[in-house]
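All remarks here apply to the structure that follows.
The values are calculated or read from the model by the stated rules, or taken from the named source; none is laboratory data. Here the structure is a predicted model, which is why all the values come from computation and not from measurement. Quick reminder, even Gly has a Cβ in these numbers, built from the backbone with ideal geometry, and neighbours come from all protein chains shown. Remember, those area values only see protein heavy atoms, side chains included, never the ligands or the DNA or RNA. Shrake-Rupley method; radii C 1.70, N 1.55, O 1.52, S 1.80 Å.
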Amino acid sequence: MAESEVSPSRTNSLHHHAPGSGQSSPETTLGIGGELHQNVPAGADHEDGISHLTDNFGHRIADNQNSLRAGERGPTLLEDFVLREKIFHFDHERIPERIVHARGSGAHGVFECTKAIPDMTKASIFQKKGDSCPVFVRFSTVAGGAGSIDTPRDVRGFAVKLYTDTGNWDLVGNNIPVFFIQDAIKFPDLVHSVKMEADRGYPQAASAHDTFWDFIGLMPESMHMIMWAMSDRAIPRSLRMIEGFGVHTFRLVNAKGEDHFVKFHWKPVLGIESTTWDEAVKIAGADPDFHRRDLFEAIEAGDYPQWDLGVQVFDEAWAAKQPYDVLDATKLIPEEEIPVEIIGRMTLNRNVDNFFAETEQAAFLPTNIIPGIDFTNDPLLQGRLFSYLDTQKSRLGTTNFHQIPINAPKCPFHNFQRDGMMQTLVPTGRANYEPNSLAEAGEDAGPRACPETGFTTFTANDERNDPTQKLRIRAELFADHYSQARLFYRSQTENERAHIASAIVFELSKVRLEHVRARLISRLRNIDEDLAKRVAAGLAIDLPEKAKAARAPIDMKASDALSIQKQAKETLKGRKVGILFAEGSDKASIDSLKGEIEKAGGTAFLVAPKIGGIKVKGGTLKADGQLAGSPSVLFDAVASVLMPDAAEKLTKDGAAIQWFMDAYAHCKTIAHCKGTQILLDKANVEQDDGVVPVENFMKVGVKRHWAREPKVRDLA
């Protein structure tokens, strides 16, 4: 047989396998859910296999946008081999670091029920006020690796493991209530687009690059999430000051078998706070572990972070009347429509003993739910139910990852599962199957199922759905991609809108593909015309034609709950104030200010040109941090107590000038003594409501003075 005639079965050649090549001019159509399909054109040469999308075994794929589900609004089907292979391969792309949410910070604590809701759920933790259970929480960034920075513009993971007396309940969410995509089959594409570009390995922990915005511009369902991601929610001041959301619509089931839909919310007791973008960038250089350090030190000092658990509860009749689908993870329910009812409080009161053993090995599973809580047919949630268990095997190397202490339940667990890599338990007897009759011979026969107290799946699957159909399709109501994005943008203060516009300008300025920039702005025109114009002007490009919306957007009533600034808490609790001093400073004044700050629940951090003992009026004073290593971006407000000669000497120190310049540029309170004026003048700090004598600091506090911002930077 000639070499050219060698049978395919006799060679391992992958010369027909050409990742990255294929159809360059696809035929585009919109599904009824408004999702974009890029298909091989009708009438194309179907002998040209390289243009056809396939799975890893060469089976051509007809739809790469939708999972297979039982009915238009039904659950995802296990037989969807396209989804399972795609998610399976994605879950195993990196080892052993998490593919997403790699950089995390964890802490232990306790959850206490503050309002029992037995009429809504039979979940044991909500049956009686005062019931409690241990918790472990892991906060994380999404896009960056484990060694990346804490303060990129990014979503923050907010995963809570509640060790209840009926098993572990993992509420695996984010600090943003919606997500980029509607169907889990698109998750690998989303993450591939936002991660480091495949040919160059950068940028790290950043969405400001071509592939991400190319993907987003082709996925109008992402536009609501983009508003959140480009807002100040994506650059939080502290992990202690972020909200948490379950994202999906879940189900509560009571002892009678009656069900209600539910959205879960974590509300920070300290309130929501953010940085400015300039601050976030400078913090990354000054302290890449800023959030991790802040959380650890707060718990170590006894300033335990707390969140209230709230629920939005509603029924199918209410859901059916809404102009959006409650099973669509790109949508939220405005709190003005369904108020958030507080039913519990979580307190984090103990740092981990070993970062690897606990924070890194913690395995969260959306499938970890307890009787009284159940899933819905949300297609993004359904895909997550496939994915997470498989991921743990790749990351932790064994099916026995549940035996790692951080993952083990704190209630009894018994089953017939045996052996496996790294088995640490030593089961006795020979009962590793059931049914069995070994008890009749006096042997331990093992545990048995309990229909009365065991987990039972809610049976109904006919809520606006025909479960007899097997379809790759999205519900028509999923096609409204802009109404809630418009709601979010128009609910912000004018200052927050400027931050969103400026963030989009910054991100798109890093995008080299001109058509991608234009496409994104064409989408923005469906959200808000002024926003689109501001972004176009910021990029110095012509306003493109408005993109056609799959479903015409509607105007929804503005929601103050969506704005950080409208919810701001003027408090010193959990905040840090930097106090600059030098030789000759008045110790009594410093001690008095520090005492007042600490009495109000804040932290005072002393900064000086030198860190050792410095001679001051009234004795000697040690600094907590050296000036060059303690920039003002690390503090919520700053104060200074300086003698005129010391201040004049500091005018030759660039770090001192920058200390006040940044505090002023970031709209923070600056409290100063008369001796500091020469430094303020050098830093071009102008008097306003936030630049006050040091004795007035407690009257003004740590709030941001946003009216100052137009003086210090140009916003889109």
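I'm checking a number: the convex hull volume of the Cα atoms of the chain, normalised per residue, in Å³. What is it?
Here the figure is 209 Å³ per residue.
Reported to the nearest whole Å, the Cα centre-to-centre distance from the stretch 273-334 to the stretch 55-120 is 21. In order along the stretch 32-37, the Karplus-derived 3J(HN,Hα) couplings, from 6.51 cos²θ - 1.76 cosθ + 1.60 at θ = phi - 60°, round to 5, x, x, 7, 8, 10 Hz, and Gly and Pro are given as x.
Where both bridge residues fall in the stretch 516-647, DSSP classifies roughly 25% of the beta bridges as antiparallel.
Gyration tensor over the Cα atoms of the stretch 351-421: the corresponding equivalent ellipsoid has semi-axes (square roots of 5 times the eigenvalues, largest first) of 22, 16, 15 Å. In this structure the stretch 157-211 gives 28 Å² per residue of accessible area when probed at 1.4 Å with all protein chains present. For the stretch 444-488, the Kirkwood estimate of the hydrodynamic radius, built from every pair of different alpha carbons, is 15.6 Å. Ligands, DNA and RNA left out, the accessible area of the stretch 540-623 computed with a 1.4 Å probe is 49% carbon and sulfur. How big is D for the stretch 255-306, in µm² s⁻¹ as a whole number, if Stokes-Einstein is applied with the Kirkwood radius of its Cα pairs at 4 °C and 1.567 mPa s? Estimated diffusion coefficient is 90 µm²/s. Backbone geometry of the stretch 582-598 corresponds, through the Karplus equation with coefficients 6.51, -1.76 and 1.60 at θ = phi - 60°, to 3J(HN,Hα) couplings of 8, 4, x, 4, 7, 4, 4, 5, 5, 4, 5, 5, 4, x, 5, 4, 5 Hz, x marking Gly and Pro.
Report the percentage of all Cα-Cα pairs in the stretch 569-694 whose separation exceeds 18 Å, rounded to a whole percent. Kindly include the intermediate steps, with their values, before the conclusion.
Values: 3641 of 7875 pairs.
Summing the P(r) of the stretch 569-694 above 18 Å gives 46 percent of all pairs.
Accessible surface calculations at 1.4 Å, restricted to protein heavy atoms, place the stretch 545-648 at 49 Å² per residue. Of all accessible surface on the stretch 43-174 at a 1.4 Å probe, what whole percent is carbon and sulfur? In the stretch 43-174, the share of accessible area belonging to carbon and sulfur is 56 percent.
Straight-line cross-link reach from Lys594 at under 13 Å between alpha-carbon atoms covers these aspartates and glutamates, not counting any fewer than eight positions away in the same chain: Asp586, Asp624, Glu695.
Using heavy atoms of the protein chains and a probe of 1.4 Å, the accessible area assigned to Glu596 is about 90 Å². When Phe355, Phe179, Phe111 are compared by accessible surface with a 1.4 Å probe, the order from highest to lowest is Phe355, Phe179, Phe111.
By the rule of a C-alpha distance below 17 Å, with chain neighbours fewer than 8 residues away ignored, the lysines paired with Lys546 are Lys533.
Packing-based ranking of 363-373, 603-613, 198-208 yields 363-373, 603-613, 198-208, ordered from highest to lowest mean Cβ neighbour count within 10 Å. Volume per residue for the stretch 365-469 equals 166 cubic angstrom (convex hull of Cα atoms). Rounded to the nearest angstrom and listed largest first, the equivalent-ellipsoid semi-axes of the stretch 299-421 from its Cα gyration tensor are 32, 23, 14. Under a 5 Å amide H to amide H cut-off, with H placed in plane at 1.01 Å, what residues pair with Thr603 once short-range neighbours are removed? Long-range HN contacts for Thr603: Arg575, Lys576, Val577. Working note: Karplus 6.51/-1.76/1.60 with θ = phi - 60° gives the stretch 439-444 the couplings 4, 5, 9, x, 8, 5 Hz, where Gly and Pro are set to x.
Gyration tensor analysis over the Cα atoms of the stretch 400-450 returns equivalent ellipsoid semi-axes of 24, 13, 9 Å (largest first, whole Å).
Computed from the alpha carbon atoms alone, the convex hull of the stretch 191-288 holds 161 Å³ per residue. Ligands, DNA and RNA left out, the accessible area of the stretch 225-291 computed with a 1.4 Å probe is 58% carbon and sulfur. Structure note, pairs Lys115/Lys573; Lys267/Lys576; Lys263/Lys470; Lys122/Lys557: Cα-Cα distances above 31 angstrom occur for Lys122/Lys557. Taking the DSSP bridge list for the chain and keeping only pairs wholly inside it, about 75 percent are antiparallel. Per-residue accessible area (protein heavy atoms, 1.4 Å probe) orders His414, His92 as His414, His92, starting from the largest. Sorted from longest to shortest, the spans of the Cα atoms of the stretch 443-585 along the three principal axes equal 80, 61, 34 Å.
Non-local lysine pairs in the stretch 623-716, meaning eight or more places apart or on different chains, with alpha-carbon distances under 27 Å, amount to 20.
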